[in-house]
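Every read-out reported here was derived from the displayed coordinates using simple, explicitly stated rules and does not represent laboratory data. The shown structure was predicted, so the numbers you read here are calculated from the model rather than taken from an experiment. In this analysis, Cβ positions are derived from the backbone assuming ideal geometry, glycine residues included, and neighbour counts consider all displayed protein chains.
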Amino acid sequence: MQQLIRDSILKYLKNKEIDFVSIPVIMLTTPKNPAHGHLSTNIALQLSAIISDAPSNIAQFIVQEIEKKKPGIFDKIEVASPGFINFYFKNDVLYNILPEIITKKSQFGHSNIGQGEKVLVEFVSVNPTGPLHIGHGKCAVVGDSLSKILKAAGYEVSTEYYINDHGKQIDILGESVLVRYRQLLGEDIEFPANGYQGNYIVDLAKEIMNEYQEQFKGKNDQDTIHFFKDYAQQRILKDIKEDLFSFGVQFDNWFSEQSLYTENKVHPVIERLKKEGFVYLNKGALWFKSTDFGDEKDRVVIRKDGEATYFASDIAYHDDKYKRGFNILIDIWGADHHGYINRMKAAIQALGYAKDSFQVLLVQFVTLLQGGKAVGMSTRGGQFITLKDLLKEVGKDVARYFFLMYSHDSHTEFDLDIAKSQSMDNPVFYIQYAYARICSIIEKGRSKNIILIDQKKEQIDLKLLDKKEELELIKKMAYFKEVIERSALQRKPYLIASYLYELASLFHKYYTEYKVISEDRELSEARLYLIYAVKIVLENALTLLGIQAPEKM
RNA sequence: GCGCCUGUAGCUCAAUUGGAUAGAGCAACGGACUUCUAAUCCGUAGGCUGGGGGUUCGACUCCCUCCAGGCGCGCCA
């Protein structure tokens, strides 16, 4: 299609004896207004800015050229003021999508724009110092769903969780549990001011007490601290893994920060930066010149006390990602980490990698509403609603959809009351209900001996599908592939969620207006064929979001 | 103070990256079940896209400025 238009433009330029202009990317859009055709392009408007001719003249010419070449496909092609070209396909052409869907099944909508490029999506990566809360949940589904979408769009995707099992926060965690443990044994010691307050710390202390009784009473030596640190961290990590698993989020790899030190990967990277002249000594610490790449200030990589900073290991970590063969790194971070982007981008460039190969998706905060009031949350303060609690309240499907239904980029509200309601307020049920309805119709068809014939479309008269609602459904399904591509390229999983809702809505309308199974056998077969396609597309889209497609509700 | 994100119907959010008449859901009002599931559908009403300026055939979208909210601005992670 693009080529067709391009050729026409070239011919136009030749006729006009215009030497050379770079033709803009030819954008073909599917207009929201049906009166604007099935496909539309604004290319003539764009061209008229470059070459001096009225857009309508250019459009006219392109249309004539295309009509000469492809007389069979279009019902009509029209030029609309001020210079849009609107293409109307013959219904026959639209129908072609149905056998395609039914042949490709779960593969329908998939494409190869990713061209097998290796992408590493890193997300959640929460310190193992406390349970996952709702904000982490949003990051988790955004990352998980985006990975699935990228795969569907032809990228080779790996997912990874970076475990911050090194450094001060972990030390504080160990200390917090130890103090709680000793307090439980009746010792009168003060809880550290910067310690973790949550009840889960006390639970951990109790757990250790049950297992080891008074073995560590009064102790505060290195070995004891180390034991508590390890115990707490591993225990919490196990919970995190379980929570994510029950949320349908799985990782290809769990990467330990500590391993960067045991495998000596941090210091060589710093050395490399030093050699390139991006590192200098000041006030006893070693600084990375991130300002060379647009950061607002330089950053410490080795502290005065000789310890590498978190940033230093993060540089090594990202270097390692590239070394493992990934071309595109996508990190999904909570919005509170946005100040970190520039220094990381700087490091990427200093190491010689392309600036754009490292991309950060900032997930904005979630405000949880209950009874119309906001529920606060902070890990340190210990007051939060955990992901586990949320899953218990609303279930995996609802939670996932609510996190995916809006742009990850905007702060959203999660209304617990709506999420809990099994009513028409709840978009998840709306979509799943459409799927369940289709299943039940197909079942009815089977009972009446109208059986779906997968591959033999010649036995089905698709021309019978001429109702407005039917054509709308078909057009919507034909759009699915593009939605996946856009969603992947723009890194916006929520586009799938919106699409899903719209498709479900079209189906519900159709359902109310027309009977699929009737006395007319041929018509029933054609309509069954149609809704079978809808079923497949709904299922494929739901799969991308990690949401169940129930056959009965 | 500086930086990033956000501001669209009473509420929660969209708007195909600069396109055609700014759209959905909820809430409000009025309708539709002898039917393949009413967890559904149809209709009515609701807007100076935070304010102001600019760029052009065309702006919610880009630029400038102001206002409001969120989040950052450690030799923490």
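Take the convex hull of the alpha carbons in chain A; its mean projected area over all directions comes to 33.3 nm². Between A:Glu117 and A:Glu156, the built amide H atoms are under 5 Å apart, and every one of these is 5 or more places off in sequence or on another chain.
Each residue, A:Ile341 and A:Ser246, gets one label point 7 Å from its Cα in the Cβ direction; the gap between the two is 3.4 nm. Paramagnetic label reach from A:Tyr280 (point 7 Å along Cα→Cβ; backbone nitrogen cut-off under 18 Å): within the range A:293-330, residues A:293-304.
If R0 equals 25 Å, the separation of the Cβ atoms of A:Ala54 and A:Lys90 corresponds to a calculated FRET efficiency of about 0.25.
The simple Förster model, with R0 at 22 Å and r as the Cβ-Cβ distance, assigns A:Ile172 and A:Lys304 a FRET efficiency of 0.65.
Label-to-label distance, A:Glu263 versus A:Asp230, with points set 7 angstrom from Cα along the beta-carbon direction: 2.1 nm. Translational diffusion of the range A:424-545 was estimated from the Stokes-Einstein equation, with Rh taken as the Kirkwood radius over Cα pairs; at 37 °C and 0.692 mPa s the coefficient is 219 µm²/s. Note: relative contact order over chain A, using C-alpha pairs below 8 Å and six or more positions apart, is 16 percent. Less than 5 angstrom separates the built amide H of A:Ser256 from those of A:Ile163, all sequence-distant by 5 or more or on a different chain.
Subtracting the Cα-Cα distance of A:Glu156 and A:Ser447 from 0.36 nm times their residue separation leaves 100.5 nm of extension gain.
Cβ-Cβ distance of A:Lys11 and A:Thr291, R₀ of 56 Å, FRET efficiency by 1/(1 + (r/R0)^6): the value works out to about 0.60. Rounded to the nearest whole Hz, the Karplus-based 3J(HN,Hα) values (6.51 cos²θ - 1.76 cosθ + 1.60, θ = phi - 60°) of the range A:132-146 follow the sequence 6, 10, 5, x, 5, x, 5, 4, 4, 6, 4, x, 4, 5, 4, with x at glycine and proline. Computed extension length for A:Asp223-A:Val360: 45.4 nm, one decimal, from 0.36 nm per residue of separation with the Cα-Cα distance subtracted.
Taking amide H as placed 1.01 Å from N in the peptide plane, A:Asp331 has its amide H under 5 Å from the amide H of A:Glu122, A:Gln359, A:Val360, A:Leu361, each at least 5 places away in sequence or on another chain. The relative contact order of the range A:30-89 comes to 41 percent, based on Cα pairs under 8 Å that sit 6 or more residues apart. Computed extension length for A:Glu519-A:Asn33: 171.5 nm, one decimal, from 0.36 nm per residue of separation with the Cα-Cα distance subtracted. Listed values for the range A:166-183 are Karplus-derived 3J(HN,Hα) couplings in whole Hz (6.51 cos²θ - 1.76 cosθ + 1.60, θ = phi - 60°), namely 9, x, 5, 4, 5, 4, 5, 4, x, 5, 4, 5, 4, 5, 4, 4, 5, 5, and x replaces Gly and Pro. This model, with +1 at the C-beta of Lys and Arg and -1 at the C-beta of Asp and Glu, gives chain A a dipole about its Cα centre of some 1100 debye. By the rule of a C-alpha distance below 17 Å, with chain neighbours fewer than 8 residues away ignored, the lysines paired with A:Lys168 are A:Lys229, A:Lys304. For chain A, the antiparallel share of DSSP beta bridges with both residues in that region comes to about 50%.
The residue list A:Tyr340, A:Leu47, A:Thr159 was ranked by how far each Cα lies along the charge dipole of chain A toward its positive end, using unit charges on Cβ atoms, and A:Leu47 comes out on top.
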